1. Please specify each residue of segment 197-210 satisfying the condition of being in contact (Cβ under 8 Å) with a residue 24 or more places away in the chain and either in contact with a Phe, Trp or Tyr (Cβ under 8 Å, 6 or more places away or on another chain) or basic (Lys, Arg) (or both).
2. Just checking, how many residues over segment 238-253 are among the aromatic types (Phe, Trp, Tyr) and under 10 Å from the mean Cα position of the chain (by Cα)?
3. If you take just the strands (runs of 3 or more DSSP E) that sit entirely in segment 206-272, which of them hold at least 2 residues that are over 16 Å from TYR154 (Cβ atoms)?
4. Out of segment 182-197, which residues are over 13 Å from PRO90 (Cβ atoms) and aliphatic (A, V, I, L, M)?
5. What's the number of the condition PHE67 fails, among (1) over 30 Å from TYR174 (Cβ atoms); (2) out of contact with any Pro (no Cβ under 9 Å at 6 or more places or on another chain); (3) without any contact (Cβ under 8 Å) to a residue 60 or more places away in the chain; (4) surrounded by fewer than 17 Cβ atoms within 10 Å (Cβ to Cβ)?
6. Select from segment 171-196 the residues that are over 17 Å from GLU272 (Cα atoms), without any contact (Cβ under 8 Å) to a residue 40 or more places away in the chain and assigned to a loop (DSSP other than H, G, I, E, B) and list them in ascending order.
7. Restricting to segment 4-37, name every residue that is in contact (Cβ under 8 Å) with a residue 12 or more places away in the chain, of a type outside the set (Gly, Ala, Ser) and farther than 17 Å from SER62 by Cβ.
8. For segment 150-196, how many residues meet the condition of being more than 22 Å from ALA123 (Cβ to Cβ) and in contact with a Phe, Trp or Tyr (Cβ under 8 Å, 6 or more places away or on another chain)?
Amino acid sequence: MILDFSAILVILVAVSGAIWGFDAVLLAPRRGAAAAALGPDADPLAIEQAQRPSLPVDYARSFFPIFVIVLVLRSFLVEPFRIPSGSMMPTLLVGDFILVNKYNYGIRLPAINRKIIDIGSPARGDVVVFRYPEDPSTPYIKRVIGVPGDHIEYRDKTVYVNGERVAQQDAGVYIGVGAGAGHTGASLRREELPGAPHDILVVPDRPSFDVEITVPPAHYFVLGDNRDNSRDSRYWGFVPDENLIGHAFLIWMNWDSKNGGVDWHRIGRSVE
């Protein structure tokens, strides 16, 4: 089990629930009996004091429902992430805060990430968040290029899927802003991945890191959209299905201190 926020939530739910349950079964009846023993003529304040739970129990009863709601939302519905690097530019910028759909690829138990209900699988072109295979405590975000059984080739900064070249359309020179200003001058291209066209960045005078490989069952080949500034499946291999976290679908906030703070134009954009 990885001690991430989901694991901490599971622990908080278990501890607060256990305290609340212990109080309900054992302590609350004792407090009720103690209050009854004071008699009908007892001071109401004394009766209230006798029935009052301890501070830990009071906190447990108050926070248990909140912990459960947050755990359910983050584990089974949506989870927020922040983009820390430029590997997915121009689709996602440094400082983007995104929402990730947690159920598109199956319902998984929190903390242990074991799939219990199989709903669907990533498709080519999906932008996915996953646990980095070489360090599962670190979440990564990349675009799915190859699904199980695909023969993938990356050659001369061009993707080939099952022998078919994925066309690219020149879209000019990229102008970066804020934390991404260092990528100004890269070639902006429209990659026509079937069913999921999207923009990418390449640096024409930088050597291409070429690979040719077949995607094994229950694994995925992923690339960053910033092709010459991304460590992805070309370097460390495939993403196992059990490492998937979810499908990125919405930018809900952007904060880039190098670009004046909030970029209001990015809020509400879908991730495509």
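1. LEU201, SER208, PHE209, ASP210 - these are the residues of segment 197-210 that are in contact (Cβ under 8 Å) with a residue 24 or more places away in the chain and either in contact with a Phe, Trp or Tyr (Cβ under 8 Å, 6 or more places away or on another chain) or basic (Lys, Arg) (or both).
2. The initial filter retains those residues of segment 238-253 that are among the aromatic types (Phe, Trp, Tyr), namely 238, 249, 252.
Those still in the list that are under 10 Å from the mean Cα position of the chain (by Cα) too: none.
Selection size over segment 238-253: 0.
3. On the way: elements: 211-214, 219-223, 244-256.
The qualifying strands (runs of 3 or more DSSP E) are 244-256.
4. LEU193, ALA196
5. Among (1) over 30 Å from TYR174 (Cβ atoms); (2) out of contact with any Pro (no Cβ under 9 Å at 6 or more places or on another chain); (3) without any contact (Cβ under 8 Å) to a residue 60 or more places away in the chain; (4) surrounded by fewer than 17 Cβ atoms within 10 Å (Cβ to Cβ), the lone unmet condition for PHE67 is (4).
6. Listed by number, the residues that qualify are ILE175, THR184, GLY185.
7. Answer for segment 4-37, where residues must be in contact (Cβ under 8 Å) with a residue 12 or more places away in the chain, of a type outside the set (Gly, Ala, Ser) and farther than 17 Å from SER62 by Cβ: ASP4, PHE5, VAL10, ARG31.
8. So the first thing to find is which residues in segment 150-196 are more than 22 Å from ALA123 (Cβ to Cβ), and the list is 155-157, 170-188.
Going one step further and asking which of them are in contact with a Phe, Trp or Tyr (Cβ under 8 Å, 6 or more places away or on another chain), we end up with 183-188.
Summing the residues that are more than 22 Å from ALA123 (Cβ to Cβ) and in contact with a Phe, Trp or Tyr (Cβ under 8 Å, 6 or more places away or on another chain) in segment 150-196 gives 6.
The values are calculated or read from the model by the stated rules, or taken from the named source; none is laboratory data. Here the structure is a predicted model, which means the values were calculated and not measured. Glycine gets a Cβ as well: all are built from the backbone with ideal geometry, and neighbour counts include every protein chain shown.
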